[in-house]
1. Sticking with the crude label model, points 7 Å out along Cα→Cβ, report the distance from Val140 to Arg8 in nm, one decimal please.
2. Count the net charge of all other residues whose Cβ sits under 10 Å from the Cβ of Ile91, scoring Lys and Arg as +1 and Asp and Glu as -1.
3. For Arg181 and Arg55 in the same chain, what is the full-extension length gain: residue separation times 0.36 nm, less their Cα-Cα distance, in nm?
4. Would you please state which residues of the stretch 94-124 a label at Thr40 would reach in this model, taking the label point 7 Å out along Cα→Cβ and a backbone N cut-off of under 13 Å?
5. Can you work out the FRET efficiency for the pair Glu48 and His95, with r the C-beta to C-beta distance and R0 = 41 Å, to the nearest 0.05?
6. What does the net charge come to around Glu157 if you take all other residues with beta carbon closer than 14 Å to its beta carbon, with K and R at +1 and D and E at -1?
7. Return the single residue from Val125, Val155, Val12 with maximal mean-square fluctuation; model: Gaussian network over the chain, springs between Cα atoms under 10 Å.
8. Give a residue-ordered list of calculated ³J(HN,Hα) values for the stretch 81-87 (Karplus: 6.51 cos²θ - 1.76 cosθ + 1.60, θ = phi - 60°; whole Hz; x for Gly, Pro).
Amino acid sequence: MPGPEFLRGDAVSLHPVEEDDLPFLQRHRNDPAIRSGMTTATPQNGYEAEQAHERHSGDDSGVGLLIVPREQSSADDAAPDPVGNVVCFGIDETHGTGELACWITPDEQGNGYGKAGTERMLDHVFDDRRLHKVVARALVGNTPSRATLESIGFVEEGVQRDEKYVNGEFRDVVRYSMLAREWGDD
C-alpha cells in the first residue's frame with residue numbers, strides 16, 4: 001500500500017514509495033513492456049529493489065512517487081492500488097535542472113494517468129523544488145510517451161542518435177525540455 005498522499009490532482013494522487021510497494025515497482029521494472037521504454041536491460045531482484053530504495057530514499061537529488069487514480073485513493077478504507085511511477089532524478093540544485101520519467105502499467109495505459117501524474121510532478125519540481133528546467137526523453141518510436149510529453153507542453157530539443165541499446169539494436173532518443181516559465185503559461 002502506498003504511503004500517505006503527497007500531491008493531489010483531479011485524476012490522480014501521488015504517494016511516496018513504502019517498503020510494501022517494492023514488489024510492485026520490481027515487477028513492473030522487469031516487465032518487458034515497460035522495461036524497453038525505460039531502456040533498462042538488467043533484471044532486478046527483490047534484494048536489489050530494496051537496496052535501490054534505501055539508496056534513494058534519503059537522497060534529495062531525486063523524488064519518486066507512485067501514481068494512484070483518485071477514484072481509488074478517495075475510497076473509504078480501501079487500500080489504493082498504484083498504476084505507475086513518476087520520478088524526477090538527477091536534480092542539480094546549482095543549475096536548477098532535473099530529468100523526468102514516468103511509466104504506467106500496461107493494463108492502465110491510455111487512461112490519462114501518465115499525463116496527470118507528470119503534471120503533478122511538474123507542479124512539485126517547479127513550485128516546491130524551484131527547478132528552472134526539466135528534461136525528459138523518449139525513444140523515437142514510443143509514440144504514446146512522445147504524445148504525452150508534447151500534450152503537456154514539452155519542447156523537442158533534438159534527437160540523440162543511437163543513444164540507447166534496446167532489444168538488440170541501437171535506438172534514437174528524442175530529448176524534450178520544459179522551462180519553469182513555460183509551465184505556468186496558459
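1. Each label point is offset 7 Å from its Cα along the Cβ direction, giving 4.5 nm.
2. On the way: positive: Arg129; negative: Asp59, Asp60, Asp92, Glu93, Glu99.
Residues near Ile91 contribute -4 overall.
3. Working: separation 126, 0.36 × 126 = 45.36 nm, distance 3.21 nm.
Result: 42.2 nm gained on full extension.
4. Of the residues in the stretch 94-124, 101-105 have backbone N under 13 Å from the label point off Thr40.
5. On the way: r = 30 Å, r/R0 = 0.74.
Efficiency, from the Cβ-Cβ distance: 0.85.
6. That sum, taken over residues with Cβ under 14 Å, equals -1.
7. In the Gaussian network model the winner is Val155.
8. 9, x, 10, x, 9, 10, 9
Here, each number is a calculation from the coordinates, and none is a lab measurement. Being a predicted model, the structure only gives us computed values, none of them experimental. Please note: Cβ atoms are built from the backbone with ideal geometry, for glycine as well, and neighbour counts cover all protein chains shown.
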